[in-house]
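The values are calculated or read from the model by the stated rules, or taken from the named source; none is laboratory data. Since we're looking at a predicted model, the values are computed, not measured. Here the Cβ positions follow ideal geometry from the backbone for every residue, glycine too, while neighbour counts run over all protein chains shown. Protein only, heavy atoms only, side chains kept; ligands, DNA and RNA dropped before computing areas. Shrake-Rupley method; radii C 1.70, N 1.55, O 1.52, S 1.80 Å.
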2 protein chains.
Amino acid sequence: MLKLIHYTLCPSSRAIRLTLNEAEIPHELDELKPWGLDREFLNMHPAGTLPVLMDEKRPVCGASAIVEHLQERQMGEAKSAARFHPFPSGTFERAEARRASDWFLRKLDAEVTQYLLEEKIYKPMSGIRSSPDLSAIRVARANLRYHLAYLSYLADQRRWLAGDSMSFADFAAAAQISVLDYLGEIQWDDCPEAKNWYARMKSRPAFRPLLSERLPGVNPPQAYANLDF
Amino acid sequence: MLKLIHYTLCPSSRAIRLTLNEAEIPHELDELKPWGLDREFLNMHPAGTLPVLMDEKRPVCGASAIVEHLQERQMGEAKSAARFHPFPSGTFERAEARRASDWFLRKLDAEVTQYLLEEKIYKPMSGIRSSPDLSAIRVARANLRYHLAYLSYLADQRRWLAGDSMSFADFAAAAQISVLDYLGEIQWDDCPEAKNWYARMKSRPAFRPLLSERLPGVNPPQAYANLDF
């Protein structure tokens, strides 16, 4: 049985959870707090990031390595058995899905989500009593406008974010957006194309377990878990 | 014919060039300056990073997508024809090579090399006349000590950085180190294990074309291109 070491509001962890759920790959979850990783974890994965996938008790570290691992695993399955491949079958479609996934997993993450998670969740949860860094929050919100515009553009031009078929790029983006939405950072009325795409993502059964999780003391906006928002 | 859009001192570009050379894959080079990417380039690759590989005039954007593209291409070749695969053949060995590649391509890059390139090369080359940000340079140098210690540890514990076989992790690390060495940032006497590994990398024919390139007005230390340093 696969085991995913994750954190509920970690966007990269969510991207892999959505992929595992969509592909209906049985797995267990083990939650760790990103601000409290111990020496044992760091010996296994010195970068100290989540998620890590344990496959036959051997670690696959980091969302990029994990999704390639899952892709190869699915390619090895009989065609009928593998319901969902993280990356599409055409060579250049795959390259585009990897480019777009990287954009959401790394660039949107570094320019927006990590700032907000750090200030709104990680600092208070880990017991740091300093007030939030408002300039970091301002930068994140300014960057978010550009990222939502780009997401809207892709959602408007294409059936799915990386092309004609749903891919890991959609789950990478949906994972980030779901965390930002939990934090109340998204004004959906300002970006109808992105909203339309996110409504389709949210209604997939793969999304259900994530939408029902709550952080003690931190509630999302009312519409967060609604399929009609 | 493949064409790689690159910049001579861009570490990610160098990692792909070394991989193409090692695998003896014929390709052309087209050099762009990272500080002067035009609208046409950004339409193709909105993240605005190098390198981009043009394959049959279609773009594969970013070092991660390119190396997976080259891996798949090599897997498709007859066994005898493909001399070098970027990632090893064992599933978990591949995961470890991807983890280590990510470390060098992303983490070392963000924590060390990009600061130094920005202050020492990109700012002056692009005509920005402000003096270099000494605090950025200090942070980069402090981080470099930890990164050289980790590189030395891997070089001491393993035959190659990700395990028993040479992989993209070695080229990702060697690309970063070669840029830092060009900038005169590495004191080789302080890290004999890393030096030993880098001497092996430098002596590969794949490395030769890179070591002979010079930036106008910016010369590397005397030992930069020497195989015996």
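Would you check if A:Glu22 is in contact (Cβ under 8 Å) with a residue 24 or more places away in the chain, open to solvent by less than 20 Å² (accessible area, probe 1.4 Å) and over 25 Å from A:Tyr115 (Cβ atoms)?
Yes, satisfied.
For every residue, the table says whether it meets (1) within 13 Å of chain B (Cβ to nearest Cβ); (2) in a helix (DSSP H, G or I); (3) open to solvent by less than 20 Å² (accessible area, probe 1.4 Å); (4) touching a helix residue (DSSP H, G or I) at 6+ places or on another chain (Cβ under 7 Å).
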| site | (1), (2), (3), (4) |
| --- | --- |
| A:Pro59 | yes, no, no, yes |
| A:His69 | yes, yes, yes, yes |
| A:Ala78 | no, no, no, no |
| A:Ala82 | no, no, yes, yes |
| A:Thr113 | no, yes, yes, yes |
| A:Asn143 | no, yes, no, yes |
| A:Ala149 | yes, yes, no, no |
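For A:Val60, are the conditions met, namely being under 21 Å from A:Ile186 (Cβ atoms), in contact with a His (Cβ under 9 Å, 6 or more places away or on another chain) and aliphatic (A, V, I, L, M)?
Answer is no for this residue.
Residues checked against (1) touching a residue at least 40 places away in the same chain (Cβ under 8 Å); (2) closer than 22 Å to A:Ala63 by Cβ:
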position	(1), (2)
A:Asn143	no, yes
A:Leu148	yes, yes
A:Gln157	no, no
A:Gly163	yes, yes
A:Asp170	no, yes
A:Asp189	no, no
A:Ala199	no, no
A:Phe207	yes, yes
A:Arg214	no, no
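Which one of these does B:Pro11 not meet: (1) buried (at least 21 other Cβ atoms within 10 Å of the Cβ); (2) in contact with a Lys or Arg (Cβ under 7 Å, 6 or more places away or on another chain)?
So B:Pro11 meets the others, but not (2).
Taking the condition of being within 13 Å of chain B (Cβ to nearest Cβ) and surrounded by 17 or more Cβ atoms within 10 Å (Cβ to Cβ), how many residues in the range A:28-49 meet it?
Selection size over the range A:28-49: 2.
Which residues, taken from the range A:84-111, are farther than 26 Å from B:Met54 by Cα and either without any contact (Cβ under 8 Å) to a residue 12 or more places away in the chain or within 8 Å of chain B (Cβ to nearest Cβ) (or both)?
Of everything in the range A:84-111, just one residue is farther than 26 Å from B:Met54 by Cα and either without any contact (Cβ under 8 Å) to a residue 12 or more places away in the chain or within 8 Å of chain B (Cβ to nearest Cβ) (or both), namely A:Ala110.
If B:Leu117 satisfies every condition in (1) open to solvent by 20 Å² or more (accessible area, probe 1.4 Å); (2) at pLDDT 95 or above but one, which is the exception?
(1)
Quick one: how many residues across the range A:198-217 are within 14 Å of A:Tyr182 (Cα to Cα), open to solvent by less than 40 Å² (accessible area, probe 1.4 Å) and not hydroxyl-bearing (Ser, Thr, Tyr)?
Summing the residues that are within 14 Å of A:Tyr182 (Cα to Cα), open to solvent by less than 40 Å² (accessible area, probe 1.4 Å) and not hydroxyl-bearing (Ser, Thr, Tyr) in the range A:198-217 gives 5.
Against the condition polar (S, T, N, Q) and either in a strand (DSSP E or B) or open to solvent by less than 30 Å² (accessible area, probe 1.4 Å) (or both), how does B:Ser135 come out, does it pass?
Judged against the criteria, B:Ser135 is not a match.
Yes or no, residue by residue, for (1) in a loop (DSSP other than H, G, I, E, B); (2) buried (at least 17 other Cβ atoms within 10 Å of the Cβ); (3) among the aromatic types (Phe, Trp, Tyr):
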| site | (1), (2), (3) |
| --- | --- |
| B:Leu105 | no, yes, no |
| B:Ala110 | no, no, no |
| B:Ser130 | yes, no, no |
| B:Ser152 | no, yes, no |
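Being more than 26 Å from B:Leu32 (Cβ to Cβ) and touching a Pro at 6+ places or on another chain (Cβ under 8 Å) is the requirement here; does B:Ser167 meet it?
Considered against the rule, which asks whether it is more than 26 Å from B:Leu32 (Cβ to Cβ) and touching a Pro at 6+ places or on another chain (Cβ under 8 Å), B:Ser167 comes out as yes.
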